[in-house]
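**Q** One structure coming up, written as structure tokens, with questions to follow.
The values are calculated or read from the model by the stated rules, or taken from the named source; none is laboratory data. Since this is a predicted model, take the numbers as computed values, not measurements. Cβ placement follows ideal geometry from the backbone for every residue including glycine, while neighbour counts extend to all protein chains displayed.
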Amino acid sequence: MLTSGAVIVISNPPGKSGLLALTRGFDMSASTRSSEGLDDRRKRLLFRCWHRGTKEMDFILGRFADAHIDDLGDSDVDDLERLIELPDPDLYNAFNDKTQLPPEFVTGIFRRIKAFAMTGSTE
């Protein structure tokens with residue numbers, strides 16, 4: 001037997017969570033860049049940057065990859081491949097200056113991503 005019931009929705013005003021502060025009004029759903037024209041290695045990286053496991057890291061790495069995957073040199077691609085092997089909590093905390101990564105991960109690509117996450121630019 002089916003019964004009917006009311007759906008109660010609790011709506012609170014948005015807070016100041018790190019995620020909300022991070023979004024700055026951007027859509028966090030997926031890549032805005034096509035992988036067309038990229039070599040297989042960069043296609044794989046673009047996908048992996050947007051499919052991390054946490055929305056915060058999807059947003060940080062995915063947006064950076066959308067903007068810069070096609071202009072990364074081979075050594076930057078090497079460094080990015082190594083960097084994204086680290087667990088999301090370690091990377092997120094390093095990008096937010098809560099912890100430090102081992103020196104071998106604090107490369108130019110790490111600094112570029114961090115600058116991009118803070119300003120939307122690597123300049």
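**Q** All but one of (1) at pLDDT 95 or above; (2) surrounded by fewer than 18 Cβ atoms within 10 Å (Cβ to Cβ); (3) not charged (D, E, K, R) hold for Tyr92; which doesn't?
**A** (2) is the only condition that Tyr92 fails.
**Q** Starting from residues that are outside any helix (DSSP H, G or I) and exposed (fewer than 15 other Cβ atoms within 10 Å of the Cβ), keep the ones in the range 107-123 and report whichever is modelled with the highest pLDDT. Before you say what the answer is, go through the steps one by one.
**A** As a first pass, look at the range 107-123 and keep what is outside any helix (DSSP H, G or I): 107, 120-123.
Remaining after also requiring exposed (fewer than 15 other Cβ atoms within 10 Å of the Cβ): 120-121, 123.
Details: Gly120: 73, Ser121: 67, Glu123: 55.
Among those residues, the one meeting the criterion is Gly120.
**Q** Quick one: would you say Glu85 is more than 19 Å from Met118 (Cα to Cα) and either crowded, with 17+ Cβ neighbours inside 10 Å or at pLDDT 95 or above (or both)? Outline the logic, then answer.
**A** Working: more than 19 Å from Met118 (Cα to Cα): yes; either crowded, with 17+ Cβ neighbours inside 10 Å or at pLDDT 95 or above (or both): yes.
Yes, satisfied.
**Q** Is it true that Leu101 is of a type in the set (A, V, I, L, M), surrounded by 12 or more Cβ atoms within 10 Å (Cβ to Cβ) and under 15 Å from Arg44 (Cβ atoms)? If you could, list the steps in order and put the result at the bottom.
**A** Numbers: of a type in the set (A, V, I, L, M): yes; surrounded by 12 or more Cβ atoms within 10 Å (Cβ to Cβ): yes; under 15 Å from Arg44 (Cβ atoms): no.
When the stated conditions are applied, Leu101 does not pass them.
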